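One structure is given below, encoded as structure tokens.
Just so you know, all these numbers are worked out from the coordinates, no wet-lab data involved. Keep in mind the model is a prediction, meaning the values are calculated, not measured. Cβ placement follows ideal geometry from the backbone for every residue including glycine, while neighbour counts extend to all protein chains displayed.
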Amino acid sequence: MKIAVVGTGYVGLVTGTCFAETGNHVVCVDIDENKVNKMKNGVVPIYEPHLDVLFERNIKQGRLEFTTSLNDAIKDAKIIFLALPTPPDEDGSADLSYILGVADDLGKIITDYKVIVDKSTVPVGTADKVTAALAANLSTDLFDVVSNPEFLREGYAVDDFLKPDRVVIGTSSEKAKKVMGDLYKPYVRQGNPIIFMDEKSAELTKYAANSFLATKITFMNEIANFCEKVGADVDMVRIGIGSDSRIGKRFLFPGIGYGGSCFPKDVQALAKSGKEFGYDFQILDSVMDVNEKQKTIIVPKIKDFFKGDLKGKTIALWGLAFKPDTDDIREAPALYIINELLEEGATIVAFDPEAMENVKSKYGDKVTFVEDRDSAIVNADALVIATEWQVFRNPDFDLMAEKMNQKVIFDGRNLYDTQEMKELGFYYNSIGRILVR
Ligand code: NAD
């Protein structure tokens, strides 16, 4: 099949590459010339495990191309995926200007039947808006609009795309249903479902999934905060409730709040959609409030430890990305922590395996960046852990004891065993667990 993918970010590039991998011909189009030039030169512009191998192979075999011309990208395509940004507008609703702008352009240049697919996360009713934008200049016989939300996780994007738990396809057109079913067939050979539904239900499924997961994390964060008050251990509570199959073991790890480009904006957008349609999502308002506080929950703990004064203190910061295995720093809790620590007059020495370039461009020399984990802790008065990269799980505690000014760790991701930290003589403050001092 011939496919065009509009927008080559985390979703578009993975989508395009993975569709090429099963033998389709894919042209990816982006307005960012710099990015397109990089990709034409064989450079993957984002960090995403395993993407480089597929990217290289499919370019070499002539199935994956890049352009800045929308017209060139779509002229032979049967299916056009819109993998465009839907950032929060000033009022928290999803900004549809990228999607509707491209839909408008497409309406002017399409000359034969095409399936236009909303791959971006978009509010209920967007397929209708895209249809209207196309129909302003194009006969409705020449297109169908499908909602096909993406559930991939950054860091596992390629695996998630190649073996999805499910594929959700929202369409009322039998013709589009057949095209989409054929396209996705190779990805569900193990028996996971392709779930066909109407466009609105598909649009809402994505928001419901992300909002549910954000709520689950937030609930555990509140349980963890309460554990600290009463001297309970959230790890025990987590295992205790997670073994109930109605609850499940996953997504129960407390921490310093959810971040990233999806959960914060999607929870906000669903709450906003609710208000537009006269429904008050009280639970989502609470989730957003709690998460906002959770992102910086570690800073008052650090301040308490240093008796309220962080001026002249050197804080080592491990982890900047919003989660491991990505260079994405959008809404990353680490950035909130950096802002507060800088305001308190602390010096920050940071390390992240993949996200440092993105943070450097935001903070310049306000933060010192070092090239490896162990350089960050030299002469540090405390270590803060903000992202659970694997490389932080087994550090050299002897080296830490030797190089740090004080053996003090604030762990936002609960990486270490509290008993072990006690034996090693560290002050160890984690989330929802016994304070070790
Ligand atoms: P992104 O910001 O990484 O990428 C968007 C790309 O679109 C950029 O490369 C940008 O240059 C390009 N673009 C903007 N305007 C354009 C135009 N007019 N023509 C061509 N290209 C244009 O975004 P993303 O993270 O890939 O997310 C895209 C959508 O997918 C969003 O709605 C997001 O909510 C959703 N989504 C994201 C994830 C994720 O993990 N990142 C997962 C599922 C769904």
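Of all the helices (runs of 4 or more DSSP H) wholly in region 336-437, which have at least 3 residues that are more than 27 Å from Asn225 (Cβ to Cβ) and more than 23 Å from the chain's Cα centre (by Cα)?
The helices (runs of 4 or more DSSP H) meeting that bar are 373-376, 397-403.
Within region 10-26, track down each residue that is over 22 Å from Thr86 (Cβ atoms) and surrounded by 17 or more Cβ atoms within 10 Å (Cβ to Cβ). It would help to see each step written out before you state the result.
Applying the first criterion (over 22 Å from Thr86 (Cβ atoms)) to region 10-26 yields 20-25.
Residues satisfying the conditions are Ala20, Glu21, Asn24, His25.
Just name the residue that is nearest to Tyr10 (Cα to Cα) out of those in region 241-285 that are of a type in the set (Gly, Ala, Ser) and more than 16 Å from the ligand (Cβ to nearest atom). It would help to see each step written out before you state the result.
The initial filter retains those residues of region 241-285 that are of a type in the set (Gly, Ala, Ser), namely 242-243, 245, 248, 255, 257, 259-261, 269, 271, 273-274, 278.
Applying the additional criterion that residues be more than 16 Å from the ligand (Cβ to nearest atom) yields 242-243, 245, 248, 255, 257, 274, 278.
On the way: Gly242: 31, Ser243: 33, Ser245: 32, Gly248: 28, Gly255: 24, Gly257: 22, Gly274: 27, Gly278: 33 Å.
Restricting to residues being of a type in the set (Gly, Ala, Ser) and more than 16 Å from the ligand (Cβ to nearest atom), the top hit is Gly257.
Is there any pair linking a residue in region 411-432 that is without any contact (Cβ under 8 Å) to a residue 12 or more places away in the chain to one that is of a type in the set (Gly, Ala, Ser), with Cβ under 8 Å and at least six apart or on different chains, and which?
Final answer for the pair search is none.
If Gly181 satisfies every condition in (1) over 29 Å from Phe277 (Cβ atoms); (2) within 16 Å of the ligand (Cβ to nearest atom) but one, which is the exception?
(2)
Hey, among Phe305, Phe281, which residue is among the aromatic types (Phe, Trp, Tyr), closer than 17 Å to Ile409 by Cβ and surrounded by fewer than 19 Cβ atoms within 10 Å (Cβ to Cβ)?
Values: Phe281 fails: closer than 17 Å to Ile409 by Cβ.
Checking each option against the conditions leaves just Phe305.
Tell me, please, whether a residue that is free of Cβ contacts under 8 Å to residues at least 12 places away in the same chain and under 24 Å from Val436 (Cα atoms) can be found in region 253-264.
So in region 253-264, the residues free of Cβ contacts under 8 Å to residues at least 12 places away in the same chain come out as none.
No - not one qualifying residue is present in region 253-264.
Given the conditions (1) more than 30 Å from Leu284 (Cα to Cα); (2) within 14 Å of the ligand (Cβ to nearest atom); (3) in contact with a His (Cβ under 8 Å, 6 or more places away or on another chain), and given that Arg63 satisfies all but one, which numbered condition is not satisfied?
Going through the list (1) more than 30 Å from Leu284 (Cα to Cα); (2) within 14 Å of the ligand (Cβ to nearest atom); (3) in contact with a His (Cβ under 8 Å, 6 or more places away or on another chain), Arg63 breaks only (2).
Just wondering, is there one or more residues in region 11-25 that are part of a loop (DSSP other than H, G, I, E, B) and near the ligand (Cβ under 10 Å from one of its atoms)? Before you say what the answer is, go through the steps one by one.
Applying the first criterion (part of a loop (DSSP other than H, G, I, E, B)) to region 11-25 yields 22-24.
Imposing the further condition that a residue be near the ligand (Cβ under 10 Å from one of its atoms) reduces the set to none.
Checked region 11-25: no residue is part of a loop (DSSP other than H, G, I, E, B) and near the ligand (Cβ under 10 Å from one of its atoms).
How many residues, within region 246-286, are under 21 Å from Ile298 (Cβ atoms) and among the hydrophobic types (A, V, I, L, M, F, W, C)?
5
Please name all residue pairs, on different chains or six or more residues apart, with Cβ atoms under 7 Å, provided the first residue is in region 322-340 and is touching a residue at least 60 places away in the same chain (Cβ under 8 Å) and the second residue is β-branched (Val, Ile, Thr) and not in a loop (DSSP other than H, G, I, E, B).
Close Cβ pairs satisfying both conditions: Ile337/Ile298; Ile337/Val299; Ile337/Val384.
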